[in-house]
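Structure, as structure tokens:
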Amino acid sequence: GFESLSLRFEGPPQPRRAFVLRSMPSPADMSVPTPRLRFAPSPTGYLHVGGARTALFNWLYARKYGGQFLLRIEDTDKARSTEESTRAIFEGLEWLGLTWEEDVVYQGANLELHRADAQRMLDNGTAYRCFCTQAELAERRAEAEARKDSFKYDRRCDRLPADEVARRVAAGAPFTVRFRVPEGTTSWDDLVHDEIAFPNKDIEDFIVLRTDGTPIYNLAVVSDDIAMRITVVMRGDDHISNTPKQIMLYRALGEEPPTFAHLPMIHGLDGKKLSKRHGATAVGDYQHLGILPSAMLNFLALLGWSPGNDIEVMTQAQMIELFDTHGLQKKAAIFDPKKLEWMNGQHLSLIPAGELVARVVPGMEAAGLATAAELEQRRDWFVALLDLLKVRARTIDDVVRQAQPYFRGKITYDPDAVAKQWKDRVGTAEILVQARQTLAEVGKWEPVAMEEALRVLAERMGFGEKAGRVFQPLRVALTGLMASPGIFDVLLILGRDRSLSRIDDAVAFLRASSGAPAA
RNA sequence: GGCGGUAUCGUCUAGGGGACUAGGACACAGCCCUCUCAAGGCUGGAACACGGGUUCGAAUCCCGUUACCGCUACCA
């Protein structure tokens, strides 16, 4: 249970407890409060894939253990925060289906709370006022550096007599609030890293409140997490060195620190931290590239987590079922777009064509192939088409691209296809004329009958078993392309009239160009 | 520099002292299926960073080295 995840801070040595690391509370254990987690991005850009994955793991944990997943926008850096990126974060999370509970918390709105917490620490003696200016500090830092010493605040303001402090405050001297780091070691049992310990002597008395009365990140986070009653903090492992400071703050405020889980980073193909240089890094980019949210989630989940067996393709429900912090990885993962594409192909072929319609329609409209209303009118036909295409596509964009020949009245012939399959113009025209006649005579426009008739034709034309000699030129006539779904499916989806007229068009084309030298 | 973190195929990973001549997946190559393209099936190459311990036995535990990453702000 959680009681084994004790934190050692300062004070008398405690007996070492049974070491049950990375263990989850069982849902049946009622002594364990329901977990509350949050995703706390700062709105200074789009929703990054790394952020999305952090959100996903928080969400997965909450769903798995019956807890709450909350959202907090850390907008205290007014200069860099924008409403636009706040919106991008909402949109990204919504697209992924990572829904949060309760109202969004805006950190900037909690200024009074942060100040009150700083005041509490001043009152209970865990923090003190510091009158050193930034310029003085910078100078001392530079001196230390010149001496090749590492700089640490020397606590001079902590030694100021009380009446001197009072005098300066009364005189209106600006001051920051510094936390007084106690002796000892600060450690915690991280859900992914097991125990991590920091000697307090390596941590300087850090500032928690600026001269303008605004909080420093570490205070704001702790104040807000306390107020939101967060019990599990899952975040990127770039926050590991902030954690001891935050734990000290919890203690100074008389609160029990939450459980921490530090997730590894995501890197680009070159092993460096993922950035714009690596191409698409915003989840919105992938949305527009035709990636399915379920595939994105699945792929992200596998970067830094494994269900512990060979399962890879999972639905959201399966991920929740299988999720366990034991499977969390310590090592940074490299983002491989190739595998994402593969994953998307898997999800594409798994998803029922009917459910795909809504995701494909915008692309169809954008490509000018059909309007949503037209597709709705021929919904059954469109679903049948999607069934043919989805297994061949890796992205939604692929689906749209491949849908093209089934929408345009006239098709254009791919030069490569013409060169390869229509090399002999006269002979091909003859094959197509025969095929047209055969198809026109088929009683019912359905695959089995058409296949039988065309194979008989191939036989009769002397192609023996090589019915492809008929099918391939026919495919070009029907789609203009060298590759397509099965030829009988194409015939069916195109319908009798359009199929026959496309063959006519092809014959006309072949006859018109047969005199000219091959292109 | 100080402190902290990490280290299994090119990439994502399985691995919790013997089941490891290290398993799966992506990518790559070949074959099968086949009207083309996919999908699918089969096959192949490909890894325990290095050095010391502990142990009858180490990918697995400990220490060190190296490499990489993070933090080291009145940024978040």
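The values are calculated or read from the model by the stated rules, or taken from the named source; none is laboratory data. Because the structure is a prediction, the values reported are computed rather than measured. Counting neighbours? That spans all protein chains shown, and the Cβs are built from the backbone with ideal geometry, glycine included.
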Taking segment A:53-108 and keeping residues farther than 26 Å from A:THR34 by Cα, among the hydrophobic types (A, V, I, L, M, F, W, C) and more than 13 Å from RNA strand B (Cβ to nearest atom) leaves A:ALA88, A:TRP95
Within segment A:379-411, residues being within 14 Å of RNA strand B (Cβ to nearest atom) and in a loop (DSSP other than H, G, I, E, B) number 5
A careful count of residues in segment A:303-318 that are touching a residue at least 40 places away in the same chain (Cβ under 8 Å) and within 9 Å of RNA strand B (Cβ to nearest atom) gives 3
(message) For the structure I just gave you, tell me whether A:VAL104 is aliphatic (A, V, I, L, M) and more than 23 Å from A:LEU302 (Cα to Cα).
(response) yes
For segment A:446-471, pairs from a residue that is among the charged types (D, E, K, R) to a residue that is near RNA strand B (Cβ under 8 Å from one of its atoms), with Cβ under 6 Å and 6 or more apart or across chains, are A:GLU451/A:PHE488; A:ARG455/A:ALA467
Considering segment A:412-426, residues that are in contact with a helix residue (DSSP H, G or I) (Cβ under 9 Å, 6 or more places away or on another chain) and not in a loop (DSSP other than H, G, I, E, B), and then whichever is surrounded by the fewest Cβ atoms within 10 Å (Cβ to Cβ), we arrive at A:VAL426
Worksheet item: On the given criteria, is A:GLU321 part of a helix (DSSP H, G or I) and near RNA strand B (Cβ under 8 Å from one of its atoms)?
Response: no
Filtering segment A:176-187 down to residues that are surrounded by fewer than 18 Cβ atoms within 10 Å (Cβ to Cβ) and at pLDDT 95 or above yields A:ARG180, A:PRO182
Scanning segment A:155-184 residue by residue, those in contact with an Asp or Glu (Cβ under 9 Å, 6 or more places away or on another chain) and part of a loop (DSSP other than H, G, I, E, B) turn out to be A:ARG155, A:PRO174, A:ARG180, A:VAL181, A:PRO182, A:GLU183, A:GLY184
Taking segment A:333-352 and the residues there that are more than 6 Å from RNA strand B (Cβ to nearest atom) and farther than 15 Å from A:SER294 by Cα, the one that is surrounded by the most Cβ atoms within 10 Å (Cβ to Cβ) would be A:PHE335
* **Some residue of segment A:300-316 being in a helix (DSSP H, G or I) and more than 26 Å from A:ASP238 (Cβ to Cβ)** => yes
Listed by first then second residue, the pairs whose first member lies in segment A:67-87 and is assigned to a helix (DSSP H, G or I), whose partner is of a type outside the set (Asp, Glu) and within 12 Å of RNA strand B (Cβ to nearest atom), with beta carbons under 7 Å and at least 6 positions apart or on separate chains, are A:SER85/A:PRO43; A:SER85/A:THR44; A:SER85/A:GLY45; A:THR86/A:PRO43; A:THR86/A:ILE73
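For every residue, the table says whether it meets (1) over 30 Å from A:ASP397 (Cα atoms); (2) more than 8 Å from RNA strand B (Cβ to nearest atom).
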{"position": "A:PRO215", "(1), (2)": "yes, no"}
{"position": "A:LEU219", "(1), (2)": "yes, yes"}
{"position": "A:ILE240", "(1), (2)": "yes, no"}
{"position": "A:PRO258", "(1), (2)": "yes, yes"}
{"position": "A:LEU263", "(1), (2)": "yes, yes"}
{"position": "A:LYS272", "(1), (2)": "no, no"}
{"position": "A:LYS276", "(1), (2)": "no, yes"}
{"position": "A:GLY284", "(1), (2)": "no, yes"}
When restricted to A:ARG229, A:ARG155, A:ARG159, A:ARG167, the only residue of a type in the set (Lys, Arg) and within 14 Å of RNA strand B (Cβ to nearest atom) is A:ARG155
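Residue-by-condition table, conditions (1) at pLDDT 90 or above; (2) closer than 14 Å to A:SER499 by Cβ; (3) surrounded by 12 or more Cβ atoms within 10 Å (Cβ to Cβ); (4) not polar (S, T, N, Q):
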{"position": "A:THR428", "(1), (2), (3), (4)": "yes, no, yes, no"}
{"position": "A:ARG436", "(1), (2), (3), (4)": "yes, yes, yes, yes"}
{"position": "A:LEU439", "(1), (2), (3), (4)": "yes, yes, yes, yes"}
{"position": "A:ALA449", "(1), (2), (3), (4)": "yes, yes, yes, yes"}
{"position": "A:ARG455", "(1), (2), (3), (4)": "yes, no, yes, yes"}
{"position": "A:GLU459", "(1), (2), (3), (4)": "yes, no, yes, yes"}
{"position": "A:PHE463", "(1), (2), (3), (4)": "no, no, yes, yes"}
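If a residue has to be of a type in the set (Ser, Thr, Tyr) and more than 12 Å from A:ASP158 (Cα to Cα) to count, how many in segment A:110-135 make the cut?
1
Here is a yes/no grid of residues against (1) surrounded by 15 or more Cβ atoms within 10 Å (Cβ to Cβ); (2) β-branched (Val, Ile, Thr); (3) assigned to a strand (DSSP E or B):
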| residue | (1), (2), (3) |
| --- | --- |
| A:VAL208 | yes, yes, yes |
| A:LEU219 | yes, no, no |
| A:ASP225 | yes, no, no |
| A:ILE230 | yes, yes, no |
| A:HIS239 | yes, no, no |
Note: among A:LEU137, A:LEU93, just one is surrounded by 15 or more Cβ atoms within 10 Å (Cβ to Cβ) and either within 35 Å of the chain's Cα centre (by Cα) or of a type in the set (Asp, Glu) (or both), namely A:LEU93
Among (1) of a type in the set (A, V, I, L, M); (2) under 16 Å from the mean Cα position of the chain (by Cα); (3) modelled with pLDDT of 95 or more, A:LEU37 falls short only on (2)
If we scan segment A:478-501, do we find a residue that is buried (at least 16 other Cβ atoms within 10 Å of the Cβ), under 45 Å from the mean Cα position of the chain (by Cα) and more than 23 Å from A:ASP380 (Cβ to Cβ)? yes
Within segment A:41-52, restricting to residues that are in a loop (DSSP other than H, G, I, E, B) and either out of contact with any Lys or Arg (no Cβ under 7 Å at 6 or more places or on another chain) or at pLDDT 95 or above (or both), the one that is nearest to RNA strand B (Cβ to nearest atom) is A:SER42
Looking across segment A:186-206 at residues that are aliphatic (A, V, I, L, M) and outside any loop (DSSP other than H, G, I, E, B), the single one that is farthest from RNA strand B (Cβ to nearest atom) is A:ALA197
